[in-house]
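Peer 1: To start, I am sharing the structure in question, which I have written as structure tokens.
Just so it is clear, none of the values below were taken in a lab; they were calculated from the coordinates. Remember, predicted model here, so these are calculated numbers, not experimental data. For neighbour counting, all protein chains shown are included, and Cβ atoms are generated from backbone atoms with ideal geometry for every residue, glycine included.
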Amino acid sequence: MGVERIHLESIRRGEMAFSLQISAGQALVMQNVRGRAVAFKGNQLVFASLDGGRMTFPLNELAANSYGGIGSLRRFRERRQSENETGEEPQRTHPFHFTVTKALQSVFLLMAARVSLFVTCIVDQMFPKVGMAVVDVLERLGFRVDFPEGQTCCGQPAFNSGYREEAREVARHFLDVFRDVDYIVVPSGSCCSMVAHHFEDIFDKEPENLGRARRLEPKVYEFSRFLLEVAGVEDVGAKFDEVVTYHDSCHALRELRIKDGPRRLLGSVRGLELREMDAAEECCGFGGTFSVKFAEVSGGMARNKIDSILRTGASTVVSIDSSCLMQLQGALSRAGLPIRTLHLAEVLASR
């Protein structure tokens, strides 16, 4: 059988585009930059659109419906074009039959990029469930996630404390460990900012490592930004029946300019009500060693933040930085308040 490629513009005027190639009894999804296919899930083949929508192809109907293989794909494309032209609500379920059904069921369709998780020190040592939640969400979207076991620290604690040479030593190791990755996903705005922005500062006198850092920088993504800009999804299928409020961590907000993204992701979680703090952008008072060197000031800042949280009536505080959440949870616990803190990834992993 010859090769035939069909371009499908699907779900709401081309929010996802992919080509299906069928050749010599094999079926492969050729993914482009606008969409992502999400392989087999139980007895269904699921494709995800950029708005988080899903097309579902029930496998038990593949054999029961004889739509004529490639011809069915043409009709599917024509139906989608008609929906685009008329503005009618797209159908979300499209059973169809391939002449290579058995091959289709046996071939792993998702040609996914390899995502490497940089888990960060605080997640690794104190909040491992955050790392597991990140992996759960990424794998649910069809990514292949690996965890380079040689990873240690990004060097931020030493850098922020003025120990530049020690920070460089750690950063060199980071460059070695992650040198061949496709993407690096980081569940922290501060650690992501360290790699993406400040490696250039500490390697300003090491041209070779400066070049390596610059080549790596476009591959480094904070978790929420990766979901929105690379995976292209806002709705990851999460369900969380609580009232939450969101804390903007300093590095994410001020250095990475991350503000609306996490809120968009939370807004797509079923059952979740997001209430904004009047002091959402104020620092929680952690600041790494700042909270140790200036404990009274740090504690005062945390208490001000807690007052703002209480005014929302939320039962959960969400952020993308576990260090901020640790600071806030400590203040909440000392005050005897029944409010918990969760990383964004933990909310998005909830079903």
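Peer 1: Could you pull out every residue, at least 5 positions away or on a different chain, whose amide H is within less than 5 Å of the one on V220? Hs are placed 1.01 Å off N in the peptide plane, and Pro or chain starts have none.
Peer 2: HN-HN under 5 Å from V220: I184.
Peer 1: Which of the peptides 182-192, 140-150, 325-335 is most tightly packed, and how do the rest follow, judged by the mean count of other Cβ atoms within 10 Å per residue? Walk me through the numbers before you get to the answer.
Peer 2: On the way: 182-192: 25.4, 140-150: 15.9, 325-335: 18.7.
Final packing ranking: 182-192, 325-335, 140-150.
Peer 1: In nm, what is the difference between 0.36 nm times the number of residues separating E165 and A335 and their Cα-Cα distance?
Peer 2: On the way: separation 170, 0.36 × 170 = 61.20 nm, distance 4.03 nm.
So the extension gain works out to 57.2 nm.
Peer 1: Next question. Using a 7 Å offset from the Cα along the Cα-to-Cβ direction at both E296 and S315, what is the distance between the two label points in nm, to one decimal?
Peer 2: Result: 3.9 nm between the two label points.
Peer 1: On a 31 Å Cα-Cα criterion, which of the cross-link pairs K239/K293; K205/K259; K259/K293; K129/K205; K129/K293; K219/K259 come out too long?
Peer 2: Distance filter (> 31 Å) returns K239/K293; K205/K259; K129/K205.
Peer 1: Taking loop as defined by DSSP and a crowding limit of 11 other beta carbons within 10 Å, which trypsin sites (Lys or Arg not before Pro) in region 212-306 fit? Don't skip to the end; give the middle numbers.
Peer 2: Values: sites: R212, R214, R215, K219, R225, K239, R254, R257, K259, R263, R264, R270, R275, K293, R303, K305; in loops: R257, K259, R275.
Answer by residue number: R257.
Peer 1: A further question follows. How far, in nm, would the chain grow between R303 and E282 when pulled straight, counting 0.36 nm per residue and subtracting the alpha carbon separation?
Peer 2: Details: separation 21, 0.36 × 21 = 7.56 nm, distance 1.16 nm.
Net length gain for the segment: 6.4 nm.
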